[in-house]
Amino acid sequence: MAKITLSIIKADIGSIGGHIKPSQKLLETVSNYIKEKGRGLIIDSYIGHTGDDIAILTTHKKGPSNPKIHKLCWDAFLAGTKIAKSQGLYGAGQDLLVSAFSGNVKGMGPQVAEMEIEERPAEPFLMFMADKTEPGAFNLPLYLAFTDPMHNAGLILSPKVKEGFKFVIMDVSYTKVDKIIELKAPEEIYDIAALLRDTGRFVVESIFSRASGEQVVSASTTRLHNIAGKYVGKDDPVMLVRTQKDFPATGEILSPYTITPLVAGFMRGSHNSPLMPVKKNTSISFFDGPAIVSCLAFCEKEGKLTESADTFDHPYWDYVREQAAQETQELRRQGFFGAAMLPMSELEYTGVMETLKELEKRFKIRKGR
Ligand code: 13P
Ligand code: 13P
Ligand code: MG
Ligand code: MG
């Protein structure tokens, strides 16, 4: 059986009219670059956007973290940035935080989700892309899809699925090297929940089947402010999920997105909003949001991709989107107040810190009691 690597590398390198969507020319530049320069290196590719983020999906035989694959995508983003600058796009090169490529785009700004798979006779998988949010946005949908029979009927109906899954969770506040913990579902689901509730700090990096040991999920974990030391844009994440057979069914993976949980990343990366499931190549609008997530389904054979199936392009999700819009309105009614805006710990990379510093000087200790 062939070993194939699926790689998603994603970056925001510029957008029309603010943080809305990339230009057609920008998308074409990145796409053409990958097609031309990737010849002989990659097997197949798909390039798309969600909001202002461009994701490059490639299939190849080089394994994860391969310098040639990473350089190909990095250079495609550099070529795109040139075009973004020439068109006067907003935030040209926004996510390319480091000037010299050093073998791997991890820690340089782009989001990365990769896995090497022992190809099954049929290989269905999902490509998730989100905008105006952060990697922790996938925490709840992954927790529910892999531990809860209310969403994953396979936990009752399929003996292999019932054997459970191993979660690898990263502490993204630790920036020197990767700091991870492995926890087993179902035995340790309360421990998993205790970590995953803290979306800004603990992020699901990968999930493995306990029946076969195979990898099912690879999710991106980059937090830009940890690299840049200031707010430069949100860490809009990407994720790969394999489905069916010994893994959850595609519909089980999608099921939790019906909840539209509140996530961080709305307007200036500083507000909460429901996570709205959207169709492919959706742009951004109201209050620079709300947070959106798209999901494209593919099958592949020896690295050759089918066309994508747009999983959230269905009447059911129109209803969910309407609900998410209503929830968004509810939250926006309270503007900057309380849970609508992120806590100061998350805002400490923004300009509000200067205001607080100035105000601190004007605070007085009252004399007497
Ligand atoms: P089919 O019978 O259409 O293959 O579907 C099986 C299944 O598991 C759907 O969740
Ligand atoms: P992005 O992170 O998607 O670029 O959005 C940044 C922003 O500040 C939107 O208000
Ligand atoms: Mg942007
Ligand atoms: Mg974005």
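Read-outs: derived from the displayed coordinates by stated rules, not from any lab. Note that the coordinates shown come from a computational prediction; the quantities given were computed from them, not determined experimentally. Virtual Cβ from ideal backbone geometry, glycine too; neighbours counted across all protein chains shown.
Going by how many other Cβ atoms sit within 10 Å of their own, how do 353, 267, 276 line up, fewest first? Write down the numbers at each step before the final one.
Details: 353 14, 267 19, 276 25.
Final ranking by Cβ density, sparse to dense: 353, 267, 276.
Would you work out the charge dipole size for region 79-211 about its Cα centre, treating the Cβ of every Lys and Arg as +1 and the Cβ of every Asp and Glu as -1, and quote it to the nearest 20 debye? Could you put the intermediate results ahead of the total?
Values: 14 positive and 18 negative charges, 66 e Å.
It comes to approximately 320 debye.
May I ask you to derive the FRET efficiency for residue 345 and residue 160 from their Cβ-Cβ distance with R0 = 30 Å, giving the value to the nearest 0.05?
On the way: r = 41 Å, r/R0 = 1.36.
So, using R0 = 30 Å, E works out to roughly 0.15.
Apply the Kirkwood formula to region 230-326: the hydrodynamic radius equals the inverse of the mean of 1/r over all pairs of different alpha-carbon atoms; give it in Å with one decimal.
Details: mean 1/r = 0.0675 Å⁻¹.
Evaluated over region 230-326, this radius sits at 14.8 Å.
Quick one: order 95, 191, 288, 44 by neighbouring beta-carbon count within 10 Å, fewest to most. Don't jump to the answer; show the numbers that get you there.
Values: 95 29, 191 15, 288 23, 44 18.
Starting with the residue having the fewest Cβ neighbours, the order is 191, 44, 288, 95.
Roughly how big is region 1-45's charge dipole about its Cα centre, with Cβ charges of +1 (Lys, Arg) and -1 (Asp, Glu), in debye to the nearest 20?
Working: 7 positive and 4 negative charges, 16 e Å.
For region 1-45, the charge dipole is close to 80 debye.
Would you list the membrane-span-like helices of the chain, meaning whole DSSP H runs whose alpha-carbon atoms span at least 20 Å along their axis and whose mean Kyte-Doolittle value is at least -1.0? Don't skip to the end; give the middle numbers.
Numbers: long enough: 67-86 (28 Å, 0.03); 315-332 (26 Å, -1.54).
Helices passing the filter in the chain: 67-86.
Determine, for 16, 156, 54, the number of other Cβ atoms within 10 Å of each Cβ, and report the residues in order from fewest to most.
By the 10 Å Cβ count, ascending, the order reads 156, 16, 54.
Per DSSP helix of 4 or more residues, -39500 (n - 2.57); summed, then divided by the residues of the chain. What does that give at 222 nm, rounded to the nearest 500?
Calculated from helices alone, the mean residue ellipticity at 222 nm is -8000 deg cm²/dmol.
Would you kindly calculate the translational diffusion coefficient of region 118-250, applying Stokes-Einstein with the Kirkwood radius from alpha carbon pairs, for 37 °C and a viscosity of 0.692 mPa s, and quote it in µm² s⁻¹ without decimals? Can you show the working numbers first?
Values: Rh = 15.3 Å.
D = 215 µm²/s.
Between residue 184 and residue 306, what length comes free when the chain is fully extended (0.36 nm per residue of separation minus the Cα-Cα distance, one decimal in nm)? It would help to have the intermediate numbers written out before the result.
On the way: separation 122, 0.36 × 122 = 43.92 nm, distance 3.34 nm.
Answer, rounded to one decimal: 40.6 nm.
What percentages, rounded to whole numbers, describe P(r) for the chain computed over all alpha carbon pairs with 10 Å bin width beginning at zero?
Pair shares across the bins are 5, 25, 34, 24, 8, 2, 1, 0.
Under 21 Å between alpha carbons, and skipping anything fewer than 8 positions from residue 162 in its own chain: which lysines qualify?
Those lysines meeting the cut-off are 184, 245.
For region 283-350, which chymotrypsin sites (Phe, Trp or Tyr not before Pro) are both in a DSSP coil and crowded by at most 16 other Cβ atoms within 10 Å?
On the way: sites: 286, 287, 298, 312, 316, 317, 319, 336, 337, 349; in loops: 312, 336, 337, 349.
Loop-located and lightly packed - 336, 337.
If you take the charge dipole of region 182-327 about its Cα centre, with +1 on Lys and Arg Cβ and -1 on Asp and Glu Cβ, which of 326, 247, 284 is farthest toward its positive end?
284
Taking the Cα centre of the chain as origin, sum charge times position over the Cβ atoms of Lys and Arg (+1) and Asp and Glu (-1), and report the length of that vector in debye to the nearest 20. Show your work: numbers first, answer last.
Values: 45 positive and 45 negative charges, 251 e Å.
With only Lys, Arg, Asp and Glu charged at Cβ, the dipole is about 1200 debye.
Work from the charge dipole of the chain (Cβ charges, +1 for Lys and Arg, -1 for Asp and Glu, about the Cα centre) and give the residue of 20, 208, 139 farthest towards its positive end.
It is 20, whose Cα lies furthest towards the positive end.
Any idea what log10 I(q)/I(0) is at q = 0.10, 0.11, 0.16, 0.22 Å⁻¹ for region 47-163, Debye with uniform C-alpha scatterers and no solvent?
Each listed q corresponds, in turn, to -0.44, -0.52, -0.94, -1.36.
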